[in-house]
Amino acid sequence: MTRFGALLTALAACSLVSTPVAAQQAPDTLFDTRIARPAFASPGPRVLFDEAHHNFHTTTGRYLPFVRLATADGFRVTTNLSRFEPATLEHADLLVIANALGHEQMDHVEASNPAFTPEECDAVHDWVRSGGALLLIADHAPMGDAARSLGARFGVDMRAAYTTDPDRTADGRTTILGYSAGRGLEGSHAIVRGRDSTERVHRVVAFTGQSLSGPDSAVSILTLSANAVDVLAALGEDLSKVKPERRRDAAGRSQALAFRYGRGRVVVLAEAAMMTAQIAGRRHTPMGMNVPGNDDRQFAINVMRWLGGALD
């Protein structure tokens, strides 16, 4: 088994177990977030990072490497601790929401409740339509359930399941999926192309997420194969034991959508780890852009640059 395969084997064991192990995920503070050619000169776009909705990922927690990477590229990141209202959003250019929940405890029955009120969904929708940019990241259950109402305001359907795909598997694990040319990676989009050949994304790995579908205007950056299946499992449930009636066809659905909405831009991702660098479990297993053999780091940079208007 290759080193990459061994890492993914360990990671797969971490990703399908209960909340106590999931809670052992921590930011990889040693991950290199330097950028040789930042896209934005100071002052760059203003990023509002949501922490007001029981978010599993925060700026000082598991998404610290993401924040450092964005800051190195010229973005100005501040934390949101308030409800989404016009006044909350008016001083931001880009809103980032990563794994919001309906309850602070992921294994609580209310965790799958809507994380946002209808009024908050209205505020975000209207702000994007008027020119704001939204990065909405929602993983498998219960995160997909909690973000479903906000996604629906932009025509995005979240299955909130555990997505498996034997044709996209990264080294044999059907919930850890690899996308590359000819295997679901949309090479024509600016997010994949970057500014030049040195910034092109060749391989993206997703670490256990859900599936999405979007409006007709959406481009699927990461497309599942004809054999993809969504398993409607509870948090920590053994996927191999889930009965057929709780399995859904996920053929051709997506794990990354990008589209313009009114005067604004939207990217919706079905998996969160690929946008940061974490270490998981007692063995400190790499999880995310710090796993060897992927371009998730460049993918995260390009997603933010497209939302910030530096890529077209």
Item checked: Residue among 238, 28, 167 with the largest mean-square fluctuation in a Gaussian network model of the chain, springs linking Cα atoms under 10 Å -> 238
Next item on the list: Quick one: dipole size for the range 170-296, taken about the Cα centre, charges +1 on Lys/Arg Cβ and -1 on Asp/Glu Cβ, in debye to the nearest 20.
Entry: 100 debye
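Express in nm, to one decimal, how much length is gained between residue 232 and residue 85 on full extension, taking 0.36 nm for each residue of separation and deducting their alpha carbon distance. If you can, show how the numbers build up before the last one.
Numbers: separation 147, 0.36 × 147 = 52.92 nm, distance 3.29 nm.
Extra length available between residue 232 and residue 85 comes to 49.6 nm.
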Check: To the nearest 20 debye, what is the magnitude of the charge dipole of the range 38-307 about its Cα centre, counting +1 on the Cβ of each Lys and Arg and -1 on the Cβ of each Asp and Glu?
Finding: 700 debye
Check: How large are Rg and Dmax for the chain when only the alpha carbon atoms are used, in Å?
Finding: 17.7, 54
Margin query: For the range 42-114, which GluC sites (Glu not before Pro) pass both filters: DSSP loop (anything but H, G, I, E, B) and at most 15 other C-beta atoms within 10 Å?
Written below: 90, 104
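Using alpha-carbon pairs under 8 Å, 6+ residues apart, how would you state the relative contact order of the range 38-128 in percent?
Working: 145 pairs, mean separation 31.9, N = 91.
Averaging sequence separation for qualifying contacts and normalising by length gives 35 percent for the range 38-128.
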Item checked: Positive-end extreme of charge dipole, the range 123-165 - chosen from 142, 158, 127 (charges on Cβ) -> 127
Notebook entry, point to check: Over the range 38-307, what is the mean sequence separation of C-alpha contacts under 8 Å (at least six apart), divided by residue count, expressed as relative contact order in percent?
Noted result: 18 percent
Check: trypsin sites (Lys or Arg not before Pro) within the range 186-270: which are DSSP loop residues with at most 13 other Cβ atoms inside 10 Å?
Finding: 263
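No value in this document is a laboratory result; all are computed from the given coordinates. Just so you know, these numbers come straight off a predicted model, no measurement behind them. No Cβ is skipped: glycine too gets one built from the backbone with ideal geometry, and neighbour counts run over all protein chains shown.
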